[in-house]
Amino acid sequence: MDNNSTSIKHSGNMKLKDVAEMLNGRVVSGIEHIDKEVEFAFSSDLMSDVLTVQKDNVILLTGLANVQALRTAEMSDISCIVFVRNKKVSVDMLKLGKESGIVLIECPSSMFRASGVLFSNGLKPVY
Amino acid sequence: MTMHFEYKIEGGDFTRAGYASSQVKRSLKQLNVDPKVIKRVVVALYEAEVNVVAHAYSGIIEVYIDTEKIKMILTDKGPGISNIELAMEMGFSTATPEVREMGFGAGMGLPNIKKNSDEFKIESEVGIGTKLEIVVFIKQ
Ligand SMILES: Nc1ncnc2c1ncn2[C@@H]1O[C@H](COP(=O)(O)OP(=O)(O)O)[C@@H](O)[C@H]1O
Ligand SMILES: [Mg+2]
């Protein structure tokens, strides 16, 4: 049986389309950028922590559904936010999403499950 | 050539926090500044903007852009900071639960602003307000 985490091949790039599919997610904004490829994911509800991430091609998994999550992604060049545990994207967030071109995905999984699924499918951790 | 922008910040108004940083990002992109430099500028400016919203009553952001550097001056009216050395420490925070609900208030803002700037100055007077000066050089 080959089920230990060391067997996971972190070969990197994954399309946002695949991210949404793996998480049973609903793309609520930025569908036109769904073929973009990303390499890393970072999971946090603390935006100050997200703002310390230096890598490129990162997506954010968060339970923080507010305008600051979008502003944080915008400043950090993060191209996609996954809102876990059915957190809903508000009208204000949608408006900002359209302006900044950030892909917004709502998904039912917990932060732990969503992170685990993406990790085991090869998306790399930032640290 | 120097470009100059100015923005007002309203204390407590979290819905607009980040508007100025977003506008600055747009301008720097149009000027074809290196994305790595833009990220340092707007990450620092955004944390500083959030600090005015979270901790002060009102403030002004002045941004000066020339061929060598981007200089940002944030001047606020607010409670000020009594111990700047302590405030600069990672993890020190007086943020309210409301600020923490917004995803901030972990005492990481000021250290990250400093880390992203090439020059950083902070002055504060208790009961009057706080002034931050952040410089990022365009050519590394
Ligand atoms: N503009 C400001 N006016 C008054 N106090 C401030 C200001 N900026 C920062 N501070 C003080 O410094 C502390 C640390 O700031 P910071 O590192 O950004 O962390 P945080 O904002 O998460 O608390 C704040 O909690 C607050 O006490
Ligand atoms: Mg702060």
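Please treat every number below as a calculation from the coordinates, not as lab data. Since the structure is predicted, the reported quantities are computational estimates derived from the model, not experimental observations. All Cβ positions, glycine included, derive from the backbone under ideal geometry; neighbour counts span all protein chains shown.
Checked against the criterion of being over 29 Å from A:Asp56 (Cβ atoms), crowded, with 20+ Cβ neighbours inside 10 Å and more than 14 Å from chain A (Cβ to nearest Cβ), region B:52-60 has at least one qualifying residue.
Checking each residue in region B:30-43 for being farther than 16 Å from B:Ile134 by Cβ and more than 11 Å from chain A (Cβ to nearest Cβ) picks out B:Gln30, B:Leu31, B:Asn32, B:Asp34.
Those residues that are crowded, with 24+ Cβ neighbours inside 10 Å and either out of contact with any strand residue (DSSP E or B) (no Cβ under 8 Å at 6 or more places or on another chain) or under 17 Å from A:Glu99 (Cβ atoms) (or both), I need them from region A:48-67; list them, please. Listed by number, the list holds a single entry, A:Leu51. Looking across region B:96-109, just one residue is surrounded by fewer than 18 Cβ atoms within 10 Å (Cβ to Cβ), part of a helix (DSSP H, G or I) and near ligand 1 (Cβ under 10 Å from one of its atoms), and that is B:Arg100.
Please determine whether any residue of region B:40-48 is more than 16 Å from ligand 2 (Cβ to nearest atom), out of contact with any Pro (no Cβ under 6 Å at 6 or more places or on another chain) and in contact (Cβ under 8 Å) with a residue 60 or more places away in the chain. Yes - at least one qualifying residue is present in region B:40-48.
Restricting to region A:73-86, and then to whatever is part of a helix (DSSP H, G or I) and at the interface with another protein chain (Cβ under 7 Å from one of its Cβ atoms), can you tell me which residue is surrounded by the fewest Cβ atoms within 10 Å (Cβ to Cβ)? Among those residues, the one meeting the criterion is A:Glu74.
Can you report the number of residues in region A:35-47 which are free of Cβ contacts under 8 Å to residues at least 40 places away in the same chain and either more than 7 Å from chain B (Cβ to nearest Cβ) or buried (at least 21 other Cβ atoms within 10 Å of the Cβ) (or both)? Number of matching residues: 4. Answer with yes or no whether B:Ser93 is near ligand 1 (Cβ under 8 Å from one of its atoms), within 14 Å of another protein chain (Cβ to nearest Cβ) and hydroxyl-bearing (Ser, Thr, Tyr). So B:Ser93 fits the description; yes.
Quick one: would you say B:Ile70 is outside any loop (DSSP other than H, G, I, E, B), more than 11 Å from the chain's Cα centre (by Cα) and crowded, with 16+ Cβ neighbours inside 10 Å? Answer is yes for this residue.
Residue count for region B:110-126 satisfying the condition of being among the small types (Gly, Ala, Ser) and not in a loop (DSSP other than H, G, I, E, B): 1.
Looking at B:Ile84, B:Ile113, B:Ile122, B:Ile61, just one residue is without any contact (Cβ under 8 Å) to a residue 60 or more places away in the chain, near ligand 1 (Cβ under 9 Å from one of its atoms) and within 12 Å of the chain's Cα centre (by Cα), and that residue is B:Ile122.
Scan region B:69-81 for residues that are within 16 Å of ligand 2 (Cβ to nearest atom) and either of a type in the set (Ser, Thr, Tyr) or more than 14 Å from chain A (Cβ to nearest Cβ) (or both) and the total you get is 6.
When A:Leu94 is tested against (1) surrounded by 24 or more Cβ atoms within 10 Å (Cβ to Cβ); (2) assigned to a helix (DSSP H, G or I); (3) aliphatic (A, V, I, L, M), exactly one condition is not met: (1).
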